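K.L.:
Starting off with a structure, shown below.
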Amino acid sequence: MRKNDIPLARHYRICDKLPRMNRQSPPHIVIIGCGFVGMEATKALANKPVQVTLIDRCNHHLFQPLLYQVATAGLSAPSIDAPIRHIFRNQSNITVLMGEVIAIDTSLRNVTLEGVGAITYDHLIVAAGATHSYFGNDAWSAHAPGLKTLEDAFALRRRVLLAFEHAERETNTEKRCAWLTFAIIGAGATGVALAGTLAEIAHHTLKCEFCRFDSSATRVLLLEGGDRVLPAFPVDLSQKARQQLIKLGVVVRTGARVTLVDENGVEIADATGTSRIAAQTLMWPAGVAASPLGKSLGMPLDRAGRVVVQPDLSISDHPEVSVIGDLAHVERDGTLAPGVSPAAKQMGSRAARNVLAQLEGKATTSFRYVDYGSLATIGRKSAVALIGRIKLSGLPAWLVWLFAHIYFLIGFRNRISVMFDWGWAYFSFQRYARIVIGPWNSGHRRGYRRN
């Protein structure tokens, strides 16, 4: 046992499932992160002659594509997540540790777990994911938060619901208008889904619930610096998505580059010049940056902080270390693998298979992304889909999106719960997860503060 293992020695005696690093033990594989990519890698190592330690900051796996539904009161949190220990309860070769990895030492082959110490590995799979990116304007995060975690979703839901409560109390027309203006910065899949859903809440869910204003007067603005929404989709589907957003009542402004964000609104620059929008509720699904943990590897990084990896997902000079998911910059034929859940799952499976191949003395295989299609929801009966050469929009695309997301949810209970909640919302337009914790005047922006 290496000297760096000493801080964990007592913990190993308490839980005899934890791997002991000696020559008689099976190869020890440490996996950092239990998102889609980490979970897929862990599953691929089930029933193999290895010992796996899975480390995550949370005790649950989050189905992130539906996180916006929690933020907009459409679903409760337990419907889109599942305890990690429950998911892997029947996988005998795995130990789950909840905590945050703060450093990786590839020369000593160990990772440092905050508050515990060093854990050595024979093979390491880093799937730490991504965080919000404000393109050098981190001060904006206090006023326009992103949406990556359940904490973000709860804070955003509080923010949205309290905006309407403040509007009900406000007697000044101009200030009330600011409370009823929601500005979403970034027209990717999450931004489009947020905009469409907020428009439905204002025009249908909250109808007739307030006395001093008409909720249909709410303005939902979708701001995009590029020339179209959903830039990852073909131009014709992007245009159809924009038309569906407008039909739902969303004001779409493309070519609108954000130059300033503060507590009272946002400033944008476009072809007509610079203008200011007074809005008390701002959201930032505009960009992502790779986890800072990637810097510990000492490898070249791209502009987004992703680790530049080899074709087989390992890093230079350290074939025992694989970097996958949103943290990995991997190209094939000059095309970067997209940061979507299907690509993440494929990376996780390939990384695990390559680890097993190395243990068997076989050659590793390059990662090849297989594109099964792209989906983006906009609102009720509104979506776009690209499946091979097939392009869908409107109700057909929405149905494909609906059943695909139900199918990939973790657990039978979650599938039934989501089906029931969506079915009820479809016929009634109601959202019953509209709970705000704490007094209304405890600080409108308090829910946005991150630890």
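K.L.:
Within the bounds of the stretch 377-393, is there any residue that is under 20 Å from the mean Cα position of the chain (by Cα), in a loop (DSSP other than H, G, I, E, B), modelled with pLDDT under 95 and farther than 28 Å from GLY423 by Cα?
P.N.:
No, because not a single residue in the stretch 377-393 is under 20 Å from the mean Cα position of the chain (by Cα), in a loop (DSSP other than H, G, I, E, B), modelled with pLDDT under 95 and farther than 28 Å from GLY423 by Cα.
K.L.:
Of all the residues that make up the stretch 299-334, how many are part of a loop (DSSP other than H, G, I, E, B), within 24 Å of the chain's Cα centre (by Cα) and at positive phi?
P.N.:
The number of residues fulfilling the criteria is 2.
K.L.:
Oh, and also: From the list ALA383, ALA404, which residue is open to solvent by 10 Å² or more (accessible area, probe 1.4 Å) and out of contact with any Cys (no Cβ under 8 Å at 6 or more places or on another chain)? Before the answer, list the steps.
P.N.:
Working: ALA383 fails: open to solvent by 10 Å² or more (accessible area, probe 1.4 Å).
Being open to solvent by 10 Å² or more (accessible area, probe 1.4 Å) and out of contact with any Cys (no Cβ under 8 Å at 6 or more places or on another chain) holds for just one of ALA383, ALA404, which is ALA404.
K.L.:
Go through the stretch 140-176 residue by residue and tally those that are of a type in the set (Gly, Ala, Ser), buried (at least 19 other Cβ atoms within 10 Å of the Cβ), within 26 Å of ILE80 (Cα to Cα) and out of contact with any strand residue (DSSP E or B) (no Cβ under 6 Å at 6 or more places or on another chain). Give the steps one after another, and end with the answer.
P.N.:
Residues of the stretch 140-176 that are of a type in the set (Gly, Ala, Ser), as a first pass: 141-142, 144, 146, 153, 155, 163, 167.
Now restrict to residues that are buried (at least 19 other Cβ atoms within 10 Å of the Cβ): 144, 146, 153, 155, 163, 167.
Add one more test, that the residue is within 26 Å of ILE80 (Cα to Cα), and what stays is 144, 146, 153, 155, 163.
Filter once more, keeping what is out of contact with any strand residue (DSSP E or B) (no Cβ under 6 Å at 6 or more places or on another chain): 153, 155.
Number of matching residues: 2.
K.L.:
Tell me yes or no: at least one residue of the stretch 340-354 is out of contact with any strand residue (DSSP E or B) (no Cβ under 6 Å at 6 or more places or on another chain) and part of a loop (DSSP other than H, G, I, E, B). Even if it seems obvious, please write down each step before you answer.
P.N.:
Let us first name the residues in the stretch 340-354 that are out of contact with any strand residue (DSSP E or B) (no Cβ under 6 Å at 6 or more places or on another chain), namely 340-350, 352-354.
Now drop any that are not part of a loop (DSSP other than H, G, I, E, B), which leaves 340.
The answer is yes; a qualifying residue exists.
K.L.:
Test GLU209 against the stated conditions and say whether it is within 20 Å of the chain's Cα centre (by Cα) and free of Cβ contacts under 8 Å to residues at least 60 places away in the same chain.
P.N.:
Values: within 20 Å of the chain's Cα centre (by Cα): no; free of Cβ contacts under 8 Å to residues at least 60 places away in the same chain: yes.
So GLU209 does not fit the description; no.
K.L.:
Test of understanding: among ALA187, ALA241, ALA202, which residue is in a helix (DSSP H, G or I), open to solvent by less than 50 Å² (accessible area, probe 1.4 Å), over 22 Å from GLU174 (Cβ atoms) and hydrophobic (A, V, I, L, M, F, W, C)? Quick ask: steps written out before the conclusion?
P.N.:
Details: ALA187 fails: in a helix (DSSP H, G or I); ALA202 fails: over 22 Å from GLU174 (Cβ atoms).
That would be ALA241, the only listed residue that is in a helix (DSSP H, G or I), open to solvent by less than 50 Å² (accessible area, probe 1.4 Å), over 22 Å from GLU174 (Cβ atoms) and hydrophobic (A, V, I, L, M, F, W, C).
K.L.:
Could you tell me which of the residues ARG228, ARG212 is surrounded by fewer than 15 Cβ atoms within 10 Å (Cβ to Cβ) and within 29 Å of LEU180 (Cβ to Cβ)? Outline the logic, then answer.
P.N.:
On the way: ARG228 fails: surrounded by fewer than 15 Cβ atoms within 10 Å (Cβ to Cβ).
ARG212 is the lone residue from the list that is surrounded by fewer than 15 Cβ atoms within 10 Å (Cβ to Cβ) and within 29 Å of LEU180 (Cβ to Cβ).
K.L.:
Same structure again: Do the conditions hold for VAL70, that is, is it assigned to a helix (DSSP H, G or I) and either more than 20 Å from the chain's Cα centre (by Cα) or in contact (Cβ under 8 Å) with a residue 24 or more places away in the chain (or both)? Steps first, answer last, please.
P.N.:
Details: assigned to a helix (DSSP H, G or I): yes; either more than 20 Å from the chain's Cα centre (by Cα) or in contact (Cβ under 8 Å) with a residue 24 or more places away in the chain (or both): yes.
Criteria met by VAL70.
K.L.:
In the stretch 51-67, which residue that is in a strand (DSSP E or B) and either open to solvent by 10 Å² or more (accessible area, probe 1.4 Å) or β-branched (Val, Ile, Thr) (or both) is nearest to ALA163 (Cα to Cα)?
P.N.:
First, the residues of the stretch 51-67 that are in a strand (DSSP E or B): 51-56, 60-62.
Still in the list and also either open to solvent by 10 Å² or more (accessible area, probe 1.4 Å) or β-branched (Val, Ile, Thr) (or both): 51-53, 55-56, 60, 62.
Numbers: GLN51: 50, VAL52: 46, THR53: 43, ILE55: 37, ASP56: 34, HIS60: 30, LEU62: 27 Å.
Only one residue fits best here, namely LEU62.
K.L.:
What residue, of SER141, SER92, is among the hydroxyl-bearing types (Ser, Thr, Tyr) and over 30 Å from ALA193 (Cα atoms)? Before the answer, list the steps.
P.N.:
Details: SER141 fails: over 30 Å from ALA193 (Cα atoms).
The unique qualifying residue is SER92.
K.L.:
Give all pairs with beta carbons closer than 8 Å in which a residue from the stretch 354-366 that is closer than 15 Å to HIS123 by Cα meets a residue that is crowded, with 16+ Cβ neighbours inside 10 Å and among the β-branched types (Val, Ile, Thr); count only pairs at least 6 apart in sequence or on separate chains.
P.N.:
That search, which allows pairs on different chains as well, returns ASN354/THR364; VAL355/ILE29; VAL355/VAL50; VAL355/ILE125; LEU356/VAL50; ALA357/THR364; GLN358/THR364; LEU359/VAL50.
K.L.:
Which of the residues belonging to the stretch 386-409 are under 21 Å from VAL229 (Cα atoms) and in contact (Cβ under 8 Å) with a residue 40 or more places away in the chain?
P.N.:
Correct list: LEU386, LYS391, SER393, GLY394.
K.L.:
Quick one: count up the residues across the stretch 252-278 that are touching a Lys or Arg at 6+ places or on another chain (Cβ under 8 Å) and within 21 Å of ALA199 (Cα to Cα).
P.N.:
Summing the residues that are touching a Lys or Arg at 6+ places or on another chain (Cβ under 8 Å) and within 21 Å of ALA199 (Cα to Cα) in the stretch 252-278 gives 4.
K.L.:
Next question, about the same structure. May I ask you to list the residues in the stretch 98-115 that are outside any strand (DSSP E or B), within 24 Å of CYS58 (Cβ to Cβ) and out of contact with any Leu (no Cβ under 6 Å at 6 or more places or on another chain)?
P.N.:
Of the residues in the stretch 98-115, the ones outside any strand (DSSP E or B) are 99-100, 106-109, 114-115.
Still in the running and within 24 Å of CYS58 (Cβ to Cβ): 99-100, 114-115.
GLU100, GLU114, GLY115, listed by residue number.
K.L.:
Across the stretch 28-50, what is the number of residues that are among the aliphatic types (A, V, I, L, M), part of a loop (DSSP other than H, G, I, E, B) and open to solvent by less than 10 Å² (accessible area, probe 1.4 Å)? Lay out the reasoning, then the answer.
P.N.:
First, pick out the residues of the stretch 28-50 that are among the aliphatic types (A, V, I, L, M): 29-32, 37, 39, 41, 44-46, 50.
Subsequent filtering for residues that are part of a loop (DSSP other than H, G, I, E, B) retains 45-46, 50.
Now drop any that are not open to solvent by less than 10 Å² (accessible area, probe 1.4 Å), which leaves 45, 50.
Here the count works out to 2.
The values are calculated or read from the model by the stated rules, or taken from the named source; none is laboratory data. What you are looking at is a predicted structure, and each value in this text was computed from that prediction instead of being measured. Cβ atoms come from the backbone with ideal geometry, glycine included; neighbour counts cover every protein chain shown. Calculation scope for accessible area: heavy atoms of the full protein, side chains included, ligands and nucleic acids excluded. Shrake-Rupley method; radii C 1.70, N 1.55, O 1.52, S 1.80 Å.
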